[in-house]
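Undergrad: Let me begin by handing over the structure; questions about it come next.
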């Protein structure tokens, strides 16, 4: 029976096994891997179960959850070998030093050595998942299906490729119908509206929009965070309404962040020109500027490095002298975790860094720990932040 030649091939073999795409030779290699360790077989049975995919629909046909487990399993095996070598080294020293008394030492109870809890958790990055909420309140999960969404009662046809929705400007729509695209924690999804505008939605966000635009303006509502590429229509302004701010554009690229649990709303302009309005006034943004509505509902603008606020759209996290609480709030949404602090002072620790958005969670925590004065302990899906 042939072994898997390269450990990096394992996630691909597991995923294709679920899809029934393995060759006879690959089936043989995977079978041997399953027999090597009872944990291998337990994991294979888990991901093969219908219950598992119902609980994790966003991961179907994607490698993230399988790759995360494989990486962690490999790390744990390495640590186990190191611990075993360390224990045998200590044992040999005790035998040499204590002679006959070693029998009593090794047959009495001794402390258990365990690896860091951070290394034991399979917390995976977010992936493409969302719900489409129809005008009648019906909710359609989007992660699994790549089939077009046909809504005969609305006269609507929507293309769906598993990562994005696409509406056509030629809809035979019956009346003014509004849809809402809802992104939960640990998710992201994209939508191309009927006018050609592209919207990239971040975790824990919600966009409400008409199936067909009509009238003198194109209006949508946003809660959360999204990156917009607005289709240019000089005579029909595109307007985003959100908490504390209204953003008016003709054709441009920008990021808009308006989470309900944060005390500010921010528009960061990448290309073009936008107008920000609220009860306190109005201002025009140029590329490289950010319009902010603060906790007192005051509107202002400042020069910024746009990458700091748009990097998530390109698959990166960029933190520049950010409070640890702000950093962790970003991770909470993307990795779907809970965070508790041993001390309120830990929230104020400043952190700067640039990491991949799909980085292994444990690796990311190790980087945060190495760069600051905080420690991180993981229990289940809860991260406890302590002090070194």
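Undergrad: If you scan the range 103-134, which residues turn out to be more than 19 Å from residue 376 (Cα to Cα), modelled with pLDDT under 90 and assigned to a loop (DSSP other than H, G, I, E, B)?
TA: Pass one, the range 103-134, residues more than 19 Å from residue 376 (Cα to Cα): 103-112, 126-134.
Next, from what is left, pick out any that are modelled with pLDDT under 90: 103-112.
Correct list: 108, 109, 110, 111, 112.
Undergrad: Looking only at the range 238-250, count every residue that is part of a loop (DSSP other than H, G, I, E, B) and either under 24 Å from residue 329 (Cα atoms) or at pLDDT 95 or above (or both) and tell me the total.
TA: Number of matching residues: 2.
Undergrad: If you don't mind, there's one more thing I want to ask. Residues being under 22 Å from residue 217 (Cα atoms), at pLDDT below 90 and assigned to a strand (DSSP E or B): count how many of those fall in the range 146-176.
TA: Going through the range 146-176 one residue at a time, the tally reaches 1.
Undergrad: Follow-up question, since we're still on this one. Tally time: how many residues in the range 313-350 are surrounded by 15 or more Cβ atoms within 10 Å (Cβ to Cβ), within 12 Å of residue 384 (Cα to Cα) and within 15 Å of the chain's Cα centre (by Cα)?
TA: Counting residues in the range 313-350 that are surrounded by 15 or more Cβ atoms within 10 Å (Cβ to Cβ), within 12 Å of residue 384 (Cα to Cα) and within 15 Å of the chain's Cα centre (by Cα) gives 2.
Undergrad: Being closer than 22 Å to residue 330 by Cα and either part of a strand (DSSP E or B) or in contact with a helix residue (DSSP H, G or I) (Cβ under 9 Å, 6 or more places away or on another chain) (or both): is that true of residue 219 here?
TA: Details: closer than 22 Å to residue 330 by Cα: no; either part of a strand (DSSP E or B) or in contact with a helix residue (DSSP H, G or I) (Cβ under 9 Å, 6 or more places away or on another chain) (or both): yes.
The answer is no for residue 219.
Undergrad: Regarding the range 202-211, can at least one residue be identified that is on the phi > 0 side of the Ramachandran plot and either out of contact with any helix residue (DSSP H, G or I) (no Cβ under 8 Å at 6 or more places or on another chain) or not in a strand (DSSP E or B) (or both)? Write out each step before concluding.
TA: So in the range 202-211, the residues on the phi > 0 side of the Ramachandran plot come out as 204.
If we keep only those that are either out of contact with any helix residue (DSSP H, G or I) (no Cβ under 8 Å at 6 or more places or on another chain) or not in a strand (DSSP E or B) (or both) as well, we get 204.
For the range 202-211, residues on the phi > 0 side of the Ramachandran plot and either out of contact with any helix residue (DSSP H, G or I) (no Cβ under 8 Å at 6 or more places or on another chain) or not in a strand (DSSP E or B) (or both): present.
Undergrad: If you take just the strands (runs of 3 or more DSSP E) that sit entirely in the range 311-388, which of them hold at least 2 residues that are more than 21 Å from residue 204 (Cβ to Cβ)?
TA: Hits in the range 311-388: 316-323, 350-356, 374-379, 382-387.
Undergrad: Which of the residues that make up the range 351-370 are surrounded by 14 or more Cβ atoms within 10 Å (Cβ to Cβ) and farther than 27 Å from residue 128 by Cβ?
TA: 351, 369
The values are calculated or read from the model by the stated rules, or taken from the named source; none is laboratory data. Here the structure is a predicted model, which means the values were calculated and not measured. A quick note on method: Cβ atoms are made from the backbone with ideal geometry, for glycine too, and the neighbour counts reach across all protein chains shown.
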